[in-house]
Amino acid sequence: MSIIIKPIISEKMTQTAEKYNRYGFMVTREATKPEIKREVEAVYGVKVVRVNTLIQRGKVQNRNTKAGVIVGHKNNFKKAFVFVDKDQKIDFYSNI
């Protein structure tokens, strides 16, 4: 089973990647920093300098319906921020 679920592609992460060579990934909750480092190096062929992780709490969602307010929440997930060597880049759009 793969540790990396998907890369985080947003305007903010694209600017961060261009400026600091830092890329974001959604990973499984059980993944450790050394496992994430090995997986990114194997999949993307880059040298990883450092990995930071955090657990993002799911947001509460409210919906107004005829029956009343329905309250739910999104799932928690783990993010990994991977710092890549200065002269290397990860191109997420090469497969398209």
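The values are calculated or read from the model by the stated rules, or taken from the named source; none is laboratory data. Here the structure is a predicted model, which is why all the values come from computation and not from measurement. Cβ coordinates were reconstructed from backbone atoms using ideal geometry, including for glycine residues, and neighbour counts include every protein chain displayed. Quick note on the areas: whole protein, heavy atoms, side chains included, nothing else; ligands and nucleic acids left out. Shrake-Rupley method; radii C 1.70, N 1.55, O 1.52, S 1.80 Å.
Hey, can you rank 77-84, 42-49 by average C-beta count inside 10 Å, highest first? Before the final figure, lay out the partial values.
Numbers: 77-84: 19.1, 42-49: 13.9.
So the peptides 77-84, 42-49, ranked by packing, come out 77-84, 42-49.
The count of lysine pairs in the chain with alpha-carbon distances below 12 Å, taking only pairs 8 or more places apart or on different chains, stands at 10. The Cβ shell under 15 Å around residue 10 holds other residues with a net charge of +3, Lys and Arg each +1, Asp and Glu each -1.
Within 11 Å, Cβ to Cβ, of residue 28, how many net charges do the neighbouring residues add up to if Lys/Arg are +1 and Asp/Glu are -1? Write down the numbers at each step before the final one.
Details: positive: 29, 78; negative: 30, 35, 39.
With Lys, Arg at +1 and Asp, Glu at -1, the neighbours total -1.
Here the Gaussian network model covers the chain, with springs between Cα atoms less than 10 Å apart; of 50, 63, 29, 63 fluctuates the most. The residues packed around residue 84, meaning those with a beta-carbon under 15 Å from its beta-carbon, carry a net charge of +3 if Lys and Arg are +1 and Asp and Glu are -1. Mind checking which of 52, 27, 62 is farthest towards the positive end of the chain's charge dipole, using Cβ charges of +1 (Lys, Arg) and -1 (Asp, Glu) about the Cα centre? Farthest along the dipole direction, towards plus: 62. Of the solvent-accessible surface of the chain, computed with a 1.4 Å probe over protein heavy atoms with every protein chain present, carbon and sulfur atoms account for 50 percent. From helices alone, the chain scores -7000 deg cm²/dmol at 222 nm; the rule is -39500 (n - 2.57) for each run of n ≥ 4 DSSP H residues, then divide by the residue total.
In order along the range 2-12, the phi-based Karplus estimate (6.51 cos²θ - 1.76 cosθ + 1.60, θ = phi - 60°) of 3J(HN,Hα) comes to 7, 7, 7, 7, 6, x, 8, 10, 9, 4, 5 Hz; Gly and Pro are listed as x. Computing Rg and Dmax of the Cα atoms in Å directly from the structure and comparing it against (i) 19.3, 59; (ii) 16.4, 57; (iii) 15.0, 54 singles out (ii).
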